[in-house]
Amino acid sequence: MNLLQTLRSRKYLQRILLAFMLVVLLLITASALLYFNAQSKVSSMEHDADRKLLTQIKYNIENMNQIVKDLAVSTFNDEDFIALKSGDDFEQSILKLDKLTRLVSNSPYLHSIVFYNAVQGRFFSTVNHTMDTKVMNAAFEDYMKNHAALPKLQLTPMKLGGGEGVDVFSLFVYDGPTLNAVNGNLLIVNIKPTWMLDNVKALNALAERQDDVIFVTDSQGQVLISNDRLQPDQLSIKNEVIPQIAASGKELDYFTYNHGGKKYRVTYLTRGLNDWQIISLQDYDAVLTNVRQIRWTAAVVTASVVLLTILISIYFSVRLYRPIGHLMTLVRRNDGRGGEAHWDELSLIASSYSQMTDKLKELEQDQAAQQNVAKVYRLRNLIAGSTGVPEQEMAHDRTQYGLDIPESGSMVLALARIDNLQEVSARTPEATMALLYFAISNIGQELIRGSYSCEAVDMRSDHVVFIVSRGSGIGEEELRTILRQLQETVRRYYHITVTVALSHVFTSYRDITAMYGQAVRYANYRMILGKEALIEPGLVLPNEECSQFHIPQELDRQLIEGLKSGDWERINSSMDKWLELVRTFSFENMFSAMLHMFVTLGNAINEMNSNNLQAATVNLQEFNRRILEKETLEEVREVLLDLVRQALDKRVSGREEKARLVAETIREIVARQYADPDLNVQKIADMLRMSHVYLGQVFKEQEGMTVVDCINETRLAQARLYLEQQQMTVAEIMDKVGFSNESYFYRLFKRRYGTTPKEYRLKAAINRNA
């Protein structure tokens, strides 16, 4: 019981044993497959042996038949036997009988030879046999009487003594196609059945098949010969098997047959001599005797091998498990879980090892993080105030924190700033942004350290600083290529762009703070150089040396006039000139110029609003915020153009709103005063205090018709209603809707409705009464 509990708790040992048991199972399976394959092979070999045996028996019978036929024909035609065959002298016939007897005695398979002499009407038979000659001759005489056509040159089974079975196989020879009174001479050659039987037994003995029952039947199933006397149950089998053989339609085949609780293997060959059938009956258990011997041999060998394998498996399993057990002892001693039941030994050891490794990694990471935090802190202090760092403190930092900044040699600062920072920050979590700066630092260090010494630090103010140094000097083209590779790598993997600004080359670590301020300043020139630029001191030197801050008044005037007139070509031309001028300014003046442009446009918009009825309301504060967020002059230009576009669009929209209002007012006046004969464009213009020309143009643009057409359309529509619903005369209706000229009214009505007022009233009345 204790052994089972111990084994149950040691799951890895169980797995080792199970692996060995699988090998044992495979061995047993292979043994079983070999056994079944041997059984199939033995069955196939037995079938081949049966086929060869039956074929040989068939051949022997056919060969014997041919020998007997040749002997019978030669004897029948032998002149020495004419006295026996057809002579009329009895004494001569008796003399020739002695030679015939010697012929039979010299043959192992001949039973007797009989001549029937039709001339004398008697049988002449050899006497070297045990059968009563008179009985035999009488049997042949009866057979001849009962068979009008004797089978010629064909072995025929004959029962001569009245007992069971075939006494002889007889072959009849006579002249002509049939035996008759004119030609009645007959030769009968009798073959011993025992000769054929001995032949079958000899073949069985040769094939080691002495226990098999082999018998030959004719086409009706009558047993002709058998190597043993058929027992009653075997006769019953014969009677059941022969119909099955006949139904198969095959010449040579075998099948298994069950009878009386016993299984037989039946092999048969049909279509032999005279349609005889050769049938072999084998005890199926005897057929598989060899297979059983193989099975028991294989079972004993397999059992021995399996037992030996199990013992070896247990031995090696224990040996293999011993180190695991020792480790388990150590783990249980140090593991608070004590080895839970659902864990196997290796899983528990792996878990303990993993925990130990994780703890070590945590300790290493904590130590590295603390070291890195201290290092970053020292670097930020160095960048912020390098002039106040003594050489001894700098040397200590190199040793303590591994600062990759040499005591002597050329140095340069590279400042990397993310483009579109506000947009990137809006879609990226704060923690991810920190990782993004970390990735830029690592990529930059990895690339730069291939040729230079480098330290990188995230300054926590939208940029990363690289302190690049080398004792043999800074290769400008080489460094430029490396920084371009940094920009390309960040764009490809993180889908953002980075602008890099370089300081002047310097040689003392005390200049780091000044060079940092310089790099920060140069980075602002992204405004004119564009995003993902590599800003070097030489590129911005002209801007740094430019102290001009003067925007020509002519440029302001052109821009304001373009805005007031809505001339986009003039606006774009003025804006391009302004940008071209601003690109030459220093960063501070550049920023002031942008504010100046914004103020100029704002003042122009306010002036336009004060002189127009419909004010073009624009949120100048929002546009000011957008300008401050932009990182390049091109982006600022787009914001300023958007401001102009919005102001002009709202101005046009105000004009359209005013025109629509005028058109609606005119329609209201016409709808109310259409009955006034004096209503016309001038009167409506006076009412609205507008020029009648402007009023007519506005109405035509909005409604697609003139004011006069609107007045006439309204009067005609009202007149049509009066014609349908009132009993007034046409003149009264004309006067009521504001027409003073009858012919003019008729002409307009017919043009509008295709008929005169009277005809229209008549049709309306007919339709109403229909």
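Tabulated data for the structure shown
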| item | result |
| --- | --- |
| Length-normalised contact order of region 71-174 in % [C-alpha pairs under 8 Å, at least 6 apart] | 20 percent |
| Charge sum, other residues only, whose C-beta stays under 15 Å from T499's C-beta, Lys/Arg counted +1 and Asp/Glu -1 | -1 |
| Rounded percent of accessible protein surface that carbon and sulfur make up, region 41-123, 1.4 Å probe | 49 percent |
| Under 5 Å, built H, 5+ apart or other chain: amide partners of S170 | T156, M158, I191 |
| Separation of the A431 and E407 label points, Cα + 7 Å toward Cβ, nm | 4.5 nm |
| Theoretical FRET efficiency, 1/(1+(r/R0)^6), r = Cβ-Cβ of K630 and N767, R0 56 Å, to 0.05 | 0.20 |
| Relative contact order (%) - region 659-770, alpha-carbon pairs under 8 angstrom, separation at least six | 25 percent |
| Mean-position separation - Cα centroids, region 515-544 and region 659-711, in angstrom | 64 Å |
| Gap separating the Cα centres of region 17-85 and region 724-750, nearest whole Å | 132 Å |
| Region 399-504 - percent of accessible surface contributed by carbon and sulfur, probe 1.4 Å | 49 percent |
| Label point 7 Å beyond Cα of R380 along Cβ direction - residues of region 438-458 with amide nitrogen under 15 Å | 438, 456-458 |
| C546 accessible area, 1.4 Å probe, all protein chains in place, Å² to nearest 10 | 30 Å² |
| GluC sites (Glu not before Pro) within region 67-174: DSSP coil, no more than 10 neighbouring Cβ in 10 Å | E164 |
| Counted charge near K134, where neighbours are those whose Cβ lies closer than 14 Å (Asp, Glu -1; Lys, Arg +1) | -2 |
| Neighbourhood charge, 13 Å Cβ-Cβ cut-off, centred on V104 and excluding it, Lys, Arg +1 and Asp, Glu -1 | +2 |
| Alpha carbon centroid spacing (whole Å) that separates region 370-433 from region 458-479 | 11 Å |
| Relative contact order for region 462-589, counting Cα pairs under 8 Å that sit 6 or more residues apart, in percent | 21 percent |
| Region 446-525 - Kirkwood radius from inverse mean 1/r over Cα pairs (Å) | 13.6 Å |
| Average accessible area per residue (Å²) across region 51-94 - probe 1.4 Å, nucleic acids and ligands excluded | 53 Å² |
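The values are calculated or read from the model by the stated rules, or taken from the named source; none is laboratory data. Quantities reported herein were computed from a predicted structural model and do not represent experimental measurements. Don't worry about glycine lacking a Cβ; one is built from the backbone with ideal geometry, like all the others, and counts go over all protein chains shown. Surface areas here come from the heavy atoms of the whole protein model, side chains and all, with no ligands, DNA or RNA. Shrake-Rupley method; radii C 1.70, N 1.55, O 1.52, S 1.80 Å.
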